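Got a structure for you, written out below as structure tokens; questions coming shortly.
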Amino acid sequence: EHDVTAVPVVDGSGRPVGVVSEGDLLRKSSGQADPSGLLPVPHLEAWERAKAQGAKAEELMSAPAVCARPEWTVVEAARVMTDGNIKRLPVVDETDKLVGIISRGDLLRVFLRHDDAIRDEIERDLLRRTLRLAPSAVTVDVREGEVTLDGSVEARSLVPV
């Protein structure tokens, strides 16, 4: 109903100890004998067989939980996920208690913004705050995520001559 593909498993203090994912549940299903007897039971490594026979979250989960912090950037989270071949990260606060979860889809949504949101960010953060330009100095056009800037500004240098 909510398109959840994994859930963190926490200890009695609310600290993540692992994650049960679709992959963990599929491993459990694939490790079962085919009711029709037509398909052979796949060969599983000992650790896969133990997981496939598990009935509790602690037996099925991938552990230990690799976690992110709320202040991490998209780049930091993506790097940890890529380096560890991890599809989602529980997010923990300064006491290591679970406060959320971030998935690969969450990271990709950063890039799937509406053109108006992209234009507003460029005008506000880049032109006004960073470059300190008047809104009329540069026109920002965004179409299907592609940005075009048009205008001219006075060339200035902060380096003493």
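The values are calculated or read from the model by the stated rules, or taken from the named source; none is laboratory data. A quick note: this is a predicted structure, and the numbers were derived from the prediction, not measured. FYI the Cβ positions are ideal-geometry reconstructions off the backbone, even for glycines, and counts take in every protein chain you see. Just the protein is used for accessible areas: all its heavy atoms, side chains included, with ligands, DNA and RNA removed. Shrake-Rupley method; radii C 1.70, N 1.55, O 1.52, S 1.80 Å.
Quick one: in the range 54-65, which of the residues that are in contact (Cβ under 8 Å) with a residue 24 or more places away in the chain and outside any helix (DSSP H, G or I) is most open to solvent (accessible area, probe 1.4 Å)?
64
Scan the range 82-120 residue by residue and report those that are open to solvent by less than 70 Å² (accessible area, probe 1.4 Å) and closer than 27 Å to residue 146 by Cα.
Scanning the range 82-120 gives 102, 103, 105, 106, 107, 110, 115, 117, 118, 119.
Something else: Please go through the range 101-154 and give me each residue that is on the phi > 0 side of the Ramachandran plot and touching a residue at least 12 places away in the same chain (Cβ under 8 Å), ordered by number. Please lay out each step first, then the result.
Step one: of the range 101-154, the residues on the phi > 0 side of the Ramachandran plot are 132, 144-145, 151.
Within the range 101-154, 144, 145, 151 meet the criteria.
Let me ask something else. Among the residues of the range 97-135, write down those that are among the polar types (S, T, N, Q) and in a helix (DSSP H, G or I).
130 - this is the single residue of the range 97-135 that is among the polar types (S, T, N, Q) and in a helix (DSSP H, G or I).
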